[in-house]
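The values are calculated or read from the model by the stated rules, or taken from the named source; none is laboratory data. These numbers come from a predicted model, not from an experiment. In this analysis, Cβ positions are derived from the backbone assuming ideal geometry, glycine residues included, and neighbour counts consider all displayed protein chains.
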Amino acid sequence: MTQDEYYYWLANISNIGIKKISLLLEVFESPEVIFKASKAELLEVLTPGAELSEALTPGAEPSKALTPGAELSKALAPKPELSKAPAPVAEPSEALASSLSGRRVKLHINDINNIINSRNKDKIKRDYAGLADKGIRFIHIRDGRYPEKLKKIYDPPFALYVKGRFPKEERFTWEEGLPWEGPKCLAVVGSRECSGYGAGMTGYLAGAVAREGIGIISGLARGIDTHAHEGALSVGGKTYAVLGCGADICYPRENFNLYMAISEDGGIISEYAPGVKPISCNFPMRNRIISGLSDGILVVEAGKKSGALITVDMGLDQGKDIYAVPGRVGDRLSEGCNNLIKSGAKLVSSPDDILEELLNNYKKNDAKCNNNDFALCTINNYMLETQGKIVYACLGFEPVHLGEISAKTGLPLEVCMEQLLLLELNGLIVQKTKNYYSLRL
Amino acid sequence: MFSKAFSAAIHGIDALIVSVEADVSDGLPLFDMVGYLGSEVKEARERVRIAIKNSGFMLPAKRITVNLSPADIRKEGTAFDLPVALAILAAFGYIDEEKLKDCLIIGELSLNGNIHRVNGVLPIVYSAKQQGFSRCIVPKENAREGAAVAGIKTYGAECLKDAMDIINDSSYADCESVNLEELFAAGSGEDADYSEVAGQDAAKRAIEVAVAGMHNILMIGPPGAGKTMLAKRIPTIMPALSFDESMEISKIYSISGLLDNRALITRRPFRSPHHTITPAALTGGGMTPKPGEISLAHLGVLFLDEFPEFNKSTIEILRQPLEDKYVTISRLNATFRYPAGFMLCAAMNPCRCGYYPDRNRCTCSVNSVAKYLGRISRPLLDRFDICTEVLQVDYKELQSDGKAETSADIRRRLHTARDIQERRYKDQCIRFNSQLTPRTIKQYCRLGDSERMLLEQAFNRMGLSARTYHRILKVARTIADLDGCESIGRKHISEAICYRVMDKYWGGGCGNDAG
């Protein structure tokens, strides 16, 4: 068996998660050693754990003292941007081990049994080969290709499964194709139940940012996530989806076309093995990967208690920049964003606001329309009748009903309908739902 | 002694003449009734015997046999009590049998000899006239129904004795009469009016177009926006009923026992069944079929509020009657055909909470919106030519006084459109634009070059289906008729496209079309 297969085996033992794996790797050198260890040797692992717990049990103080210490060391660790030097492979595990000593994770005798029972070479080899058939790559934490950015987060995933058509030899090596080795990345998060405004802004911003070569990372969920991926794909940019289920499962199913497109022009990333079902508790966990892989997080529409804010919290812990698209006061869906801006997130009203932070020598392009009038500059390209201009002028990003348009413009209904149809056929406006119109972004 | 009286049974929406034969002969005292009788008709035996006794006639101990013919059609209902009693009395010689010959008799007897109301008097009297009877004796409570039929004398009898007086005394002048002109004049005074609905101009216009061409209409809007109010007023802008139409509807109501001693139905029906209605109640049914809500809405409006809440199997039944304008109900004994030429008006919320697409108020997920709308099947949706959004009314509009159009104003406008259609289709078997088929659409909905271009552009850009295309043309035809235009113009097409039922609404995407 190859080393990768040993790692694959270790990552997929039932009831053994990243914390127990770290504990095992602390004692044994590599997965191969664990695989070949006798039961007696494995049982010894229980002892240091027991000692640790004995040392901790008499009083609560030592554990309390340890925990802030660990956090302190994390806080003192160099910022991601500053540490450009490649870290030796052994380092993360040491860092892991030190942070681990603060946690009370114990191996149970059942875990030892699980380890022994799962030592089926044929099955492991077969499963590992099955990954390649599905076009999924396995990258473990000690692999040179494992993203440095991710090693720096609090609890990095032990392994990543990546589905994507890498490498595209003629353009770049496959490491370059992954979000962590290429140019910078922007995470785009937001509500699943987005408004037309949110959908439009997401597509527009994601597209404009992706056009500059920045990868767009999101979660393939409904709403903002979907529009972020679509926006990036529409300009031929790269986009990556981090899933809360196996990389071979498309969830939600209606995004299947998007899922396929992303695995062509970007990558599907997951810390869960293929076949893992999208259960709800996986989703907050994957947020740490979304934020961990990115260089900045853009929040477009988030309610007061939106899941997107979990990503933001994790991003803040990881030292990422937060960008937020403002909404109107009182809009339920923009409450979270406005609160973020209030507490210091960067207000984004045009793609430049993000690009100038992410790219070192980005020059603002004044010729381009900025957000305030990009809608207006398109209208001048069309020869519209006066009535058409009147109708157009009373539309915004929020869908407006036909009756309201008629009342606002003072034009009779029939005229409004005719002008709206013309505008729609010219692609200037969209009919979001029946008889509700808004500007096209 | 043998005698014979005439009565009638309801069969579908028509009446069938039944002769009631009675024979009195010597033998063991016995009262027997034959002729494929339902149990309520068999029970007439006791009612008749006691009613005769209590009306002061002596029934000698003889063998009485009553036969209802034709004997192969099942008789049901209580309307045979009175003719049976009169036939027996004639057989005993209390009545001159000759006088029963031109007289049709219906009515239920109570034990003291009083006559109670029965259902279906109008179609029975109508049939009697066609069969050449000159007199009808009906319960007093139903007398006005019968009186609406001209050319036959209808007498209302309160008790058995009354009925005998009417028969014996051919000069009995007190026959029931109804002044039809007065009735129709009184009937057109509506109590609801469109001027009471504040704002909602877009929805009103859509309804106007729908009524003009008898298109089915679907209204979508938040709760409390006034969908029900708008729908209830649809009959007020429909053209007044003609006498023939009124007779057609009144017959159905008479059979269902809903005429309530009004002589005729003079207003367009408006039926709004609750969404818990069963399939049989909607289309008609039962062991002896009765007309359902769709037949009661004939020539009027069937309003289905909270459309997605209806049982799926119930509303799917509407598909065939909507096409054929009648409903056929088959039973073991017979097949009945009830008219169902109604205009369907349905109202629904856009989602469970009702506020989609207002994202500040709507708390539904995209999925649940799609699921809610998905309760209505595509084929049924295809029966709606017009779909309109009803908006929440704001306070300003509620307060604005009196500028709104009255129903009479709208009806006047509609009149032209209806006239044009009547003239256009006078050689055809159709009456309204909504009944156009793809072949006749080609004939009557010719487009100019510029119109064709517009429609082609819309077809390609909006991804319309062939069916949608035809519906747009039909509605455009109606809009042009409302304008009094012979040819369909660009604005007519634009408006028709605005009214189409959007596929996207049913795709459930919130702006997936952006970008």
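Listing for the model above:
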item: Selection within segment B:208-227 - touching a Phe, Trp or Tyr at 6+ places or on another chain (Cβ under 6 Å) and more than 11 Å from B:MET348 (Cα to Cα); result: B:GLY213, B:MET214, B:ASN216
item: Selected residue (criterion: modelled with the highest pLDDT) from residues of segment A:101-111 that are closer than 14 Å to A:LEU25 by Cα and among the hydrophobic types (A, V, I, L, M, F, W, C); result: A:LEU107
item: Criterion violated by A:LYS184 - all others in (1) surrounded by fewer than 24 Cβ atoms within 10 Å (Cβ to Cβ); (2) facing chain B (nearest Cβ under 9 Å) satisfied; result: (2)
item: Residue count for segment B:422-431, restricted to those that are modelled with pLDDT under 90 and either surrounded by 12 or more Cβ atoms within 10 Å (Cβ to Cβ) or among the aromatic types (Phe, Trp, Tyr) (or both); result: 3
item: Yes/no for A:LEU384 being more than 12 Å from chain B (Cβ to nearest Cβ), at pLDDT 85 or above, buried (at least 17 other Cβ atoms within 10 Å of the Cβ) and not in a helix (DSSP H, G or I); result: no
item: Segment A:194-208, residues that are among the hydroxyl-bearing types (Ser, Thr, Tyr) and crowded, with 24+ Cβ neighbours inside 10 Å; result: A:SER195, A:TYR197, A:THR202
item: Members of segment B:319-341 that are in a loop (DSSP other than H, G, I, E, B), among the hydrophobic types (A, V, I, L, M, F, W, C) and touching a Lys or Arg at 6+ places or on another chain (Cβ under 8 Å); result: B:ALA340
item: Subset of segment B:296-315 (residues that are free of Cβ contacts under 8 Å to residues at least 60 places away in the same chain and farther than 25 Å from B:TYR372 by Cα); result: B:LEU296, B:ALA297, B:HIS298, B:LEU299
item: Test: residue in segment A:250-266 that is closer than 19 Å to A:CYS194 by Cα, touching a His at 6+ places or on another chain (Cβ under 6 Å) and within 14 Å of chain B (Cβ to nearest Cβ); result: yes
item: Hits in segment A:288-335 - residues which are more than 14 Å from the chain's Cα centre (by Cα), within 14 Å of another protein chain (Cβ to nearest Cβ), surrounded by fewer than 24 Cβ atoms within 10 Å (Cβ to Cβ) and of a type outside the set (Ser, Thr, Tyr); result: A:GLY303, A:LYS304, A:LYS305, A:GLY327, A:ARG328, A:VAL329, A:GLY330, A:ASP331, A:ARG332, A:GLU335
item: Long-range neighbours under 6 Å by Cβ, at least six apart or interchain, first residue farther than 21 Å from A:HIS401 by Cα within segment B:190-206, second in a loop (DSSP other than H, G, I, E, B) and of a type in the set (A, V, I, L, M); result: B:SER195/B:ALA404
item: Hits in segment B:244-270 (condition: outside any loop (DSSP other than H, G, I, E, B) and farther than 24 Å from B:ILE124 by Cβ); result: B:PHE270
item: Those residues of segment A:187-203 which are more than 7 Å from every other protein chain (Cβ to nearest Cβ) and either touching a His at 6+ places or on another chain (Cβ under 9 Å) or β-branched (Val, Ile, Thr) (or both), in sequence order; result: A:VAL188, A:VAL189, A:GLY190, A:GLY198, A:MET201, A:THR202
item: Residue identified as surrounded by fewer than 24 Cβ atoms within 10 Å (Cβ to Cβ) and under 14 Å from the mean Cα position of the chain (by Cα) among A:ARG222, A:ARG211; result: A:ARG222
item: Hits in segment A:222-245 - residues which are part of a helix (DSSP H, G or I) and more than 10 Å from A:GLY207 (Cβ to Cβ); result: A:ILE224, A:ASP225, A:THR226, A:HIS229
item: In segment A:228-249, residue modelled with the lowest pLDDT [restricted to those that are over 18 Å from A:GLY296 (Cβ atoms) and within 14 Å of another protein chain (Cβ to nearest Cβ)]; result: A:GLY236
item: Single match in A:SER22, A:SER98, A:SER53, A:SER118 (criterion: surrounded by 13 or more Cβ atoms within 10 Å (Cβ to Cβ), at pLDDT below 50 and not hydrophobic (A, V, I, L, M, F, W, C)); result: A:SER53
item: Selection from segment B:1-45 of residues that are farther than 24 Å from B:VAL125 by Cβ and part of a strand (DSSP E or B); result: B:PHE2, B:ASP23, B:VAL24, B:SER25, B:LEU30, B:PHE31, B:ASP32, B:MET33, B:VAL34
item: Selected residue [modelled with pLDDT of 85 or more, part of a strand (DSSP E or B) and over 17 Å from B:ARG412 (Cα atoms)] from B:LEU230, B:LEU218; result: B:LEU218
item: Which listed residue is touching a Cys at 6+ places or on another chain (Cβ under 8 Å) and not β-branched (Val, Ile, Thr), from B:ALA231, B:ALA225; result: B:ALA231
item: Residue check, B:PRO273 over 20 Å from B:VAL149 (Cα atoms), within 16 Å of the chain's Cα centre (by Cα), part of a loop (DSSP other than H, G, I, E, B) and in the same structural domain as B:ALA198 (by TED's automatic domain parsing); result: yes
item: Any chance A:GLU404 is closer than 17 Å to B:SER494 by Cβ and either assigned by TED's automatic domain parsing to the domain that holds A:GLU301 or surrounded by fewer than 22 Cβ atoms within 10 Å (Cβ to Cβ) (or both); result: no
item: Residue that is surrounded by the most Cβ atoms within 10 Å (Cβ to Cβ) [pool: residues in segment B:335-387 that are more than 12 Å from chain A (Cβ to nearest Cβ), among the aromatic types (Phe, Trp, Tyr) and in contact with a Phe, Trp or Tyr (Cβ under 9 Å, 6 or more places away or on another chain)]; result: B:TYR338
item: Pairs where the first residue, in segment A:404-432, is more than 7 Å from every other protein chain (Cβ to nearest Cβ) and the second is outside any helix (DSSP H, G or I) and of a type in the set (Gly, Ala, Ser), C-beta under 9 Å, 6+ apart; result: A:ALA407/B:GLY199; A:ILE429/A:SER438; A:GLN431/A:SER438
item: Some residue of segment A:359-371 being modelled with pLDDT of 85 or more, part of a loop (DSSP other than H, G, I, E, B), under 38 Å from the mean Cα position of the chain (by Cα) and among the aliphatic types (A, V, I, L, M); result: yes
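Here's the yes/no breakdown for (1) free of Cβ contacts under 8 Å to residues at least 40 places away in the same chain; (2) touching a Phe, Trp or Tyr at 6+ places or on another chain (Cβ under 7 Å); (3) of a type outside the set (Lys, Arg):
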| site | (1), (2), (3) |
| --- | --- |
| B:ARG47 | no, no, no |
| B:GLY56 | no, no, yes |
| B:ILE88 | no, no, yes |
| B:LYS140 | yes, no, no |
| B:GLU145 | no, no, yes |
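One line per residue, one yes/no per condition, for (1) under 28 Å from the mean Cα position of the chain (by Cα); (2) in a loop (DSSP other than H, G, I, E, B):
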{"position": "A:MET1", "(1), (2)": "no, yes"}
{"position": "A:ASP4", "(1), (2)": "yes, no"}
{"position": "A:TRP9", "(1), (2)": "yes, no"}
{"position": "A:ILE16", "(1), (2)": "yes, yes"}
{"position": "A:LEU23", "(1), (2)": "yes, no"}
{"position": "A:GLU32", "(1), (2)": "no, no"}
{"position": "A:VAL45", "(1), (2)": "no, no"}
